[in-house]
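So the structure is just underneath, and the comments pick up after that.
The values are calculated or read from the model by the stated rules, or taken from the named source; none is laboratory data. Keep in mind the model is a prediction, meaning the values are calculated, not measured. Counting neighbours? That spans all protein chains shown, and the Cβs are built from the backbone with ideal geometry, glycine included. Just so you know, the surface numbers come from the protein's heavy atoms only, side chains and all, with ligands and any DNA or RNA stripped out. Shrake-Rupley method; radii C 1.70, N 1.55, O 1.52, S 1.80 Å.
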Amino acid sequence: GITYLDHAGSALFPESLLKAFTDDLRNNVYGNPHSQNISSKLTYDTIEHVRYRILQHFHTTAEDYTIIFTSGCTAALKLVAEAFPWIPEGTKEPSSRFCYLTDSHTSVVGMRGITASMNVLSVPIKPKEILLSEKNTLPAEEQNCTTPHLFSYPAQSNFSGTKYPLSWIQDVKSGKLHPIKIPGKWFVLLDAASYVSSSPLDLGVHQADFIPISFYKIFGFPTGLGALLVNNRIAPFLRKTYFGGGTAAAYLAGEDFYFPRKSIAERFEDGTVSFLDIIALKHGFDVLEKLTGGMEKIRQHTFALAHYTYTVLSALKYPNGAPVVRIYSNTDFSNPDVQGPIINFNVIDENGEVIGFSQVDKMASLYNIHVRTGCFCNTGACQMHLGISNEDIQKNLQAGHVCGDNIDLVDGHPTGSVRISFGYMSSFEDAQNFLKFIIAIRLSKSDTDIPFQSSITKLTTEPVPGDQPAFSNAEKLSPVPHLLDRELGNISSVTKTTVSWQPPEDEAESIRAAVSETAVPPCRRGGEPITVTNIYIYPIKSCSAFEV
């Protein structure tokens, strides 16, 4: 009964994945891979097999990339910041720079804390600025400089779903694009955590130097496991100070002597890796392939749902012609190459005033719809799309607003927004449930007596081809044009199919009570008049009440 629309936050794991994993654990004994017994060798061999599967998934080989297992994408980013061969300020050589796109996750921006401690400057770059950087050509005498610089950007914005060009990787590395005008050799960190959950990534073509990922974004399980894919051309230059169990070829406890292992992966995987979780990945890849037929089909499926939802959502209007939602996007959802399955928006009233995301989230919970709200650990994109200034962020903090809280409006201005996102197990019914919910909470029956844009009735969404059970059912996507022609194109049936939609009867009473501040029925079902027995005042949102 749940409509789960936070796949960008975490994928959901299928039952078959858990069964395959637990059956594996029941039938085999997996020991610590640092031991030499038979069960330990089985673990070691399985881990190496999983490394191969990951490389295969991203269309590359061990000749080009090394897999370093981490606790997640954040830990992988931290590892890059600590190990990159920075040249600090104040030396005879030109110093390094860390450049990052402002539309980046907090974990990327946070790398500047480490670079600052190493006396390396960080430079934020707005998306529109990188497009102008082709003009930053360097004099010939500066083009031979070998000072290493690092440029980081997301393959897909976790805020809006915008896909930034993968061609930037080669353009930056070759010198065609210069994030900033400074001599040196550029390396590229591609934050792929959001992108790889629903899109294929070919590292044989787009050879970034560092690619951090979290596996729960793809499979839903296991959590707490990620990886850093390191290009073997940069790997030998990475530095490391701490050495944990399993990383040393030899060391002395009584003297300052340490010699690292040859393998880059073993050198950077401090201590025993989470080997049972890594074994679960093997089943994750198997199940994903069996259910979907691969990442390209996932991309088509999730984009079709996002395209349909965006088209209907953007067409919803109040009787005065004002839009029901304000969508934050850089695209028109017409091309899966530039847009992922993420829709970011705020609900607005007839006068154009934003309805706080916390209120929308609470209403969605009553309809058993799970969304994500706030700034999604991406302050840069939040500022860019919502028009929040640096001063506003600081004022909001002084007003008591911090990341992740329920303070959705400060002085009438939104501090964040609502995000829905689709995954490979999302269905057409999920999209319908969400749209019915938005119509139900914002449009009365009389409000729907306005024609929907004719462009909607022309929308067609083809089911994804293939014989995979998750996608072969034509009922999943093919009803889209029929629904639009029959329901959205016909005003009277819009009222029937969307506005009058109700949750199941057994939930209706509790929902009525919860939304009583919105609409109080004059009589009970039996016809008896309702008597007010208590009045409660909530002077501060989300705090306890005063009884009158």
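Amide H of VAL123: which non-local residues (sequence gap of 5 or more, or other chain) have their own amide H closer than 5 Å, using H built in the peptide plane?
PHE98, CYS99, TYR100
Would you grab the residues whose amide H sits under 5 Å from the one on TYR318? Only those 5+ places off in sequence or on another chain, please, with H modelled 1.01 Å from N.
Here the answer is VAL324, since their amide H atoms fall under 5 Å of that of TYR318.
Would you be so kind as to identify which of VAL273, LEU189, LEU42 lies farthest towards the positive end of the dipole of the range 14-291, taking Lys and Arg as +1 and Asp and Glu as -1 on Cβ and the Cα centre as origin?
Sorting the options by dipole projection puts first LEU189.
Which of the peptides 116-127, 25-36, 273-284 is most tightly packed, and how do the rest follow, going by the mean number of other Cβ atoms within 10 Å of each residue?
Highest to lowest by the protection proxy: 273-284, 116-127, 25-36.
At a Cα cut-off below 24 Å, give the lysines reachable from LYS128, other chains included and same-chain residues fewer than 8 away excluded.
LYS163, LYS173, LYS176, LYS181, LYS185
Of the accessible area of the range 345-398, with the probe set at 1.4 angstrom, what percent is carbon plus sulfur?
Summing carbon and sulfur atoms, their accessible area is 45 percent of the total for the range 345-398.
Can you list the residues, at least 5 places off or on another chain, whose amide H is less than 5 Å from the amide H of GLY340, using H built in the peptide plane?
Answer set, sorted by chain and number: THR162, LYS163.
Compute the separation of the alpha-carbon centres of the range 61-138 and the range 241-281 and state it in Å as a whole number.
24
So for each of 200-211, 411-422 I average, over its residues, the number of other beta carbons within 10 Å; can you give me the resulting order with the highest mean first?
Result, highest mean Cβ count within 10 Å first: 411-422, 200-211.
Keeping every protein chain present and rolling a 1.4 Å probe, give me the accessible area per residue for the range 295-444 in Å².
Computed with neighbouring chains in place, this is 38 Å² per residue.
Cα gyration tensor of the range 308-442, axes a ≥ b ≥ c as square roots of the eigenvalues: rounded (a/c below 1.5), prolate (a/b > b/c) or oblate?
prolate
For a protection proxy built on the mean count of beta-carbon atoms within 10 angstrom, sort 531-544, 70-83 highest first, please.
Ranked from most to least packed, the peptides come out as 70-83, 531-544.
Putting +1 on Lys and Arg Cβ atoms and -1 on Asp and Glu Cβ atoms, find which of GLY245, GLY226, GLN207 reaches farthest to the positive end of the dipole of the range 169-295.
Farthest towards the positive pole: GLN207.
Dipole size in debye (nearest 20) for the range 231-314 around its Cα centre, Lys and Arg Cβ +1, Asp and Glu Cβ -1?
Value, rounded to 20: 320 debye.
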